[in-house]
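What follows draws every value from the coordinates through simple rules; no lab data is involved. Bear in mind the structure is a predicted one, so any value in this text is a computation, not a measurement. Please note: Cβ atoms are built from the backbone with ideal geometry, for glycine as well, and neighbour counts cover all protein chains shown.
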Amino acid sequence: MNVFGKVEKNINDLVENNVYWAACATSEELQKAREGQLTIKFFDKEIPAEWLKDIKGKKVLCLAGAGGLQAPLLACAGAEVTVLDLSEKMLEKDRAVAEKEHLNIRIEKGNMCDLSRFAGGSFDYILNPSSLMYVPDVRPVFKECYRVLKTGGTFIMMAPSPVNYLCDFVNDENGGYYKAVNRMPYCSSDFDEMNDWVEYGHTMEDYIGGQIECGFVINGYVECQLEDITELHFLTRAVKIK
Ligand SMILES: C[S@@+](CC[C@H](N)C(=O)[O-])C[C@H]1O[C@@H](n2cnc3c(N)ncnc32)[C@H](O)[C@@H]1O
């Protein structure tokens, strides 16, 4: 099985086991988005409301963003939404919410590394929830995002910082500690070829430098530190200026 086949299987298994990030938007959250109060969570923070304030009527690609959460919220806020994701189980959630809430969402199964089904300049916004840790190379994804955005379009992405992958946990009689042992870039299968879990710790050079190299201008950055000190996530906003 190739990398993407493994990722798809892993995600589908997690969805079947009710992983927390596969929870759909609630009716209350959807109603608030309809009333002009769109809130898209970024762990215990939110995507700054300012970044999405003109979303009504805009063409939005929810990239690797299935699960019945972001796409329905954006549709309720008046955006014209396409969601593309590798996992059929995650897409089923968008289908179910769209049907229940009478939302018109274009739902596509596909790989974020290949956006050739979309013409250049198709979207005003791309929203990419945390998912780039499942692709071996982020740079081709950024190039494709740049191509399918209109000039003036906005690319918002969330990802785990490399610090998430630096350390291994060492058990000892005092309860254990983290030890920094891994160099970036990191790939889980370098350490456990027998295990089918595939995850990549990309460098900030790839995440930030990769967007800049495509021509994006990054004009927004937020971090979220979770309780575990190695769990640091970041969010960037980038604009295609020409
Ligand atoms: C952690 S979930 C994020 C989605 C979720 N709605 C959230 O709020 O965080 C990661 C998503 O990325 C998708 N994904 C992973 N690799 C992908 C790829 N190469 N192409 C498209 N989607 C991918 C998974 O199927 C999964 O739905």
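The distance separating the Cα centre of segment 185-242 from that of segment 1-22 comes to 19 Å.
With θ taken as phi - 60° and the Karplus curve 6.51 cos²θ - 1.76 cosθ + 1.60 applied, the whole-hertz 3J(HN,Hα) list for segment 67-81 is x, x, 10, 5, 4, x, 5, 5, 5, 5, 7, x, 7, 9, 9 Hz, x standing for glycine and proline.
For segment 188-200, the Karplus equation 6.51 cos²θ - 1.76 cosθ + 1.60, evaluated at θ = phi - 60°, returns couplings of 4, 6, 5, 9, 8, 5, 6, 8, 7, 5, 10, 8, 10 Hz by residue, with Gly and Pro reported as x. Take every pair of alpha-carbon atoms less than 8 Å apart whose residues are at least six positions apart; their mean separation over the length of segment 140-242 yields a relative contact order of 37 percent.
Work out the FRET efficiency for Cys187 and Met1 from their Cβ-Cβ distance, taking R0 = 22 Å, and round it to the nearest 0.05. The pair Cys187/Met1 has a calculated efficiency of 0.90. Working note: Debye formula, equal point scatterers on the alpha-carbon atoms of segment 130-242, no solvent; log10 I(q)/I(0) at q = 0.16, 0.21, 0.23 Å⁻¹ is -0.79, -1.15, -1.29. Listed cross-link partners Lys6/Lys93; Lys32/Lys143; Lys56/Lys242 are compared with a 26 Å cut-off, the Cα-Cα value being larger for Lys32/Lys143.
Computed 3J(HN,Hα) for segment 102-110, one whole-Hz value per residue from the Karplus formula 6.51 cos²θ - 1.76 cosθ + 1.60 where θ = phi - 60°, is 6, 9, 9, 10, 7, 10, 10, 8, x, glycine and proline marked x.
Across every pair of non-identical alpha carbons in segment 138-185, the mean reciprocal distance, once inverted, gives a Kirkwood radius of 14.0 Å. Here's the picture: charge each Lys and Arg Cβ at +1 and each Asp and Glu Cβ at -1 in the chain, and of Gly215, Ser188, Met133 the one pushed furthest to the positive end of that dipole is Gly215. Which residues does a label at Leu14 reach in segment 177-201, if reach means a backbone N under 15 Å from a point 7 Å past the Cα toward the Cβ? Only 188-189, 196-201 pass the distance filter. Working note: 222 nm ellipticity from helices only, DSSP H runs with n ≥ 4, each -39,500 (n - 2.57), summed and divided by the residues of the chain, gives -7000 deg cm²/dmol to the nearest 500.
Write down the percent of antiparallel bridges among all DSSP beta bridges whose residues are both part of the chain, to the nearest 5.
Antiparallel bridges: around 55 percent, rounded to the nearest 5.
Computed from Cα atoms, the angle from the helix 3-16 axis to the main principal axis of the chain rounds to 80 degrees.
The modelled label-to-label distance between Ile241 and Thr151, using points 7 Å beyond Cα along the C-beta direction, is 1.4 nm.
Rg(Cα) of the chain divided by 2.2 N^0.38 Å?
Scaled against compact globular proteins, the figure is 1.01.
Please report the equivalent ellipsoid semi-axes of segment 84-142, computed as sqrt(5 x eigenvalue) of the Cα gyration tensor, largest first, in whole Å.
One finds semi-axes of 22, 15, 10 Å for segment 84-142.
Each residue of segment 1-126 gets 109 Å³ once the volume of the Cα convex hull is shared out per residue.
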